[in-house]
1. From the helices alone, meaning DSSP H stretches of at least four residues, give me the mean residue ellipticity at 222 nm for chain A, per-run term -39500 (n - 2.57), in deg cm²/dmol to the nearest 500.
2. So, counting K/R as plus one and D/E as minus one, what does the shell of residues with Cβ under 13 Å around residue A:296 add up to?
3. To check my understanding: the extent here is largest minus smallest coordinate of the Cα atoms along each principal axis. What are those three numbers for the protein assembly as shown, in Å, largest first?
4. Mind listing the long-range amide H neighbours of residue B:54? Cut-off is under 5 Å, sequence gap 5 or more, other chains count too, H placed in the peptide plane at 1.01 Å from N.
5. Quantify how strongly other chains surround peptide B:101-112 by giving the mean number of their Cβ atoms within 10 Å of each of its Cβ atoms.
6. I'd like the trypsin sites (Lys or Arg not before Pro) in the range A:357-406 restricted to DSSP loop residues with at most 14 other Cβ atoms within 10 Å, sorted by number.
7. Separation between the residue B:124 and residue A:103 pseudo-spin-labels, each 7 Å from Cα along Cα→Cβ, expressed in nm?
8. Determine, for B:53, A:125, B:70, the number of other Cβ atoms within 10 Å of each Cβ, and report the residues in order from fewest to most.
Amino acid sequence: MDARRVAELAARNSYGRLVAYLAVRSQDIATVEDALGDAFLKALSSWPQRGVPDNPEAWLLVTARRRLIDMARRSQTHAKALNILNLSGVDSAENLEEISFPDERLKLLFICAHPAINVNIRTPLMLQTVMGLNAAQIGSAFLVAPTTMGQRLVRAKAKIRDAGIPFGLPQTQALPDRLDAVLAAIYAAYTTGWDTVLGGDPSHKGLADEAIWLAQLCGQLLPAEPEARGLLALMLYCAARRGARRSTTGDYVPLSEQDTDLWSQSMIQRAERELHQASIYGRLGRFQLEAAIQSVHAQRASTQHTDWETLAQLYSGLIQLVDTIGARLGHAVAIAQTQGAQTGLDLLDAMDIKTVQKHQPYWALRAHLLAQLDEQPAARQAYAMAIGLTEDPAIRKFLMAKAQSL
Amino acid sequence: MGKKARCSGDLTQQIQMKYAILVYETEQDFAHRDQHMPAYNAYSQALSEAGVLTGGAALHPGHIASTVRLKDGQRQVQDGPYADTKEQLGGFFLIDVPDLDNALDWAARCPAAGLCAVEVRPLWSMEAN
C-alpha cells in the first residue's frame, strides 16, 4: 500500500466515526452525510487560514452538528433529528480539546447489513457510510453507472430512515446471524470485480484494501467474535499472493505454478496471527475454515509442497458448514490430487448441472480433469465452455492455450 | 486539567413507529379460513396483550372485491381485485412498536408467514412529512 492510500484509509477512521455517531442519534444517514460534507468543505476553507484545530474530529463534529440543527429547524420535520440538539457533552465543553465521543461504527455496520436491506446494496452502503467512498468509486467497482449506484444508495438510506430500522446492536440471540450478514457484505467488497477461485487481474485491485480495512475494524469492535478475525485472515492470505497472479508479461499464473517468492510473507504472517487468535475461541466457522485452507496453500512457500490430504479434509468440513459451488470445486481438486482424476470427476458429476451451467471455474476444472484422463474430445468441449464463460482476457488466453495443447 | 466531556448516547428518546402487517393468503388459505381462525385469534390476542395492537381487520377474498376507476369523469367498476394475483391481501393488523426489528418479530409470528407471506410497512405519518 502506498502512502497516499494509507492516509486515505486513516482519514476514513474519522469520517466513519462521525457519520456513525451522528446517524445513530438523528437516524437519518443521508442528512448526516450532507451535514458532514458541508463541515469538510468549511474545514478546507478555514483550516489553511486559521490553522488546523487541536482536535479536528471535534471541530468537524461541532460544525456538522450546527448544520444539522439548522436543517432540522428549517424543515421542522423529523422529531428524531432533534436528538442532535441533545448532545449535552458538546455544549458543556469549553473547548474542542475536551470533546470525545464513542465509536458507534459497529451499529452502522449492522444497519447496513440489516436483513430488511437488499443484499446487493449492503456492501455499497458500508463503503459509503462507514468509509466515505462516493457513488462513482463504488459504482465503478460494481460495474454500475455512478448515477444508478447513487440512486440505489439514496433509496436504501430512505428505507433505513422510513422503515424504522433500529440504530442499535442486535440482541444477543440474533447476533451470530446478523454478524454473518456483516461479514458477508465485507467479503463481497473483497471479491467484487474479480474471481477468487482462479485469481483475477491484479491490476484491478477492486476494493481489496477497503475490505481488509473493514474486516480489521469489525475485529476491533467485536474482539470476541472469531469469524471476524477468520475473514480478515482469509483476505490477507489471498492478498499476499496478489503479486504472483500474473507473469511479467501479464499472463495468468495458476496457484499451483505461482512463484512463492512473490508472495508477501509479512501479509501471510499477519494472516497466521489472526487465524491463531481466532482459533483460541474454539468456535469454528466458515471464514476460519476458508482461511485455514489458504494457510495450507501458504505453507508451500516453506515446504515446497502442498498438503492435499489436509485440504481435502478442510474442504469437506467447509461443505458441511456452507455448501457452495466454490467449496465443492475446491474439494474436487483436493480429491483429484489424492485419489486420482476420475474420483475428482465423479464429484463434479454429482453436482447439479443447473447450478454450474454458467460457472466458468467448474468447466475449467472439468476440462483439466478430463484432459488428465485422456478424454480429449470431452476435455476440448469443456474448455470451450470455460472459455466462452470467461470475462478475464488473461484467463481466456490461459484456457485457450490449454485447449490447444490437447 | 479539563476533564473530557463524553458525549453520551442515552438521550435518544424512544419513538414509537406505526406499522401495518399485511396478511397475504392463497385461494386455499381463503377457502380453509375456519381451520386457521384459532391461530389468528391467538395471534391477535397476543398482540393486544403485548399492548401493541391498534387496529386491523380480516377481508373477504379478492373475487368479492370491486375495483373503481374514474375515466373522463365516468365511473368504471371492475369485478374483482385491483391486482389479480394468486395471492391476495386477506387482512391487516396495525401495530405500534419501537422499530422494524420488533415489527418483523411480530410479522414472523403471524400464521400467514408460514402459509403464504406477510408484508410489513410503516404507516405514513401525516405530521412528520
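1. Helices in chain A give a 222 nm mean residue ellipticity of -21500 deg cm²/dmol.
2. Working: positive: A:300; negative: A:272, A:290, A:307, A:309.
Spelling it out: positives minus negatives among the neighbours equals -3.
3. 75, 73, 53
4. The answer is B:94, B:95, B:96.
5. Per-residue shielding by partner chains comes out at 2.
6. On the way: sites: A:358, A:366, A:380, A:396, A:397, A:402; in loops: A:358.
Counting only loop positions with at most 14 other Cβ atoms within 10 Å, the trypsin sites (Lys or Arg not before Pro) in the range A:357-406 are A:358.
7. So the two model labels end up 4.2 nm from each other.
8. On the way: B:53 19, A:125 25, B:70 8.
Placing the least packed residue first, the sequence is B:70, B:53, A:125.
The numbers here are math on the coordinates, done by the rules we state, and not lab data. Owing to the predicted nature of the structure, the values given are computational and were not obtained by experimental measurement. Positions of Cβ are generated from backbone atoms using ideal geometry, with glycine treated the same way; all protein chains shown enter the neighbour counts.
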